[in-house]
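What follows is a single structure, written as structure tokens, with notes after it.
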Amino acid sequence: MTQGNGRQQAAEAGRESAPRRPIDMVHLEKQALGDPGIGIEILRMFDEIVAVHFSRLEQAVERSDMLHHAHTIKAASTGVGAWGLAEHAEELEREIAAGEGRDPERVADLAMAIAEVHAFIAGEIARDDARSATLH
């Protein structure tokens, strides 16, 4: 085994044992080109987009609308690194596409994942606001 492989395995083991954040901040930082201000704005927009599409998903009657909203939540989640939320949305999307309908338990799981991400985003925004207040 080369030294690089050992470091990679140790890093992977560390990721597996470390608590998983609702949003992968390293991924978000890359998406924001390293600009923390852009990262916060991305989180604000993402939080709003997910809330709107989840509400519409819950109210949707047509299968195509349900698919659209589940897919939008999945795609937006992937974009910011909300991997767990993306997985929940993908499972729901897959079930709807297979004709299984909108499982209330799966929707509840998605709602809990959204709430977790929302709380995380609120914390990040509060930290950013506190940093900004100390600079002014």
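Observations, loosely collected:
- Sorting the segments 85-97, 105-117 by their residues' average number of neighbouring beta-carbon atoms within 10 angstrom, most packed first, yields 85-97, 105-117.
- Alpha carbon convex hull of the chain, projected area averaged over orientations, nm²: 10.9
- Helical mean residue ellipticity (222 nm; -39500 (n - 2.57) per DSSP H run of 4+; nearest 500) of the chain: -28000 deg cm²/dmol
- Amide H partners (placed H, <5 Å) of Asp24, local residues excluded: Ala82, Trp83
- Of the peptides 121-134, 71-84, the ranking by mean beta-carbon count within 10 Å, highest at the top, reads 71-84, 121-134.
Every read-out reported here was derived from the displayed coordinates using simple, explicitly stated rules and does not represent laboratory data. Since the model is a prediction, treat every value here as computed from it, not as a measurement. All Cβ positions, glycine included, derive from the backbone under ideal geometry; neighbour counts span all protein chains shown.
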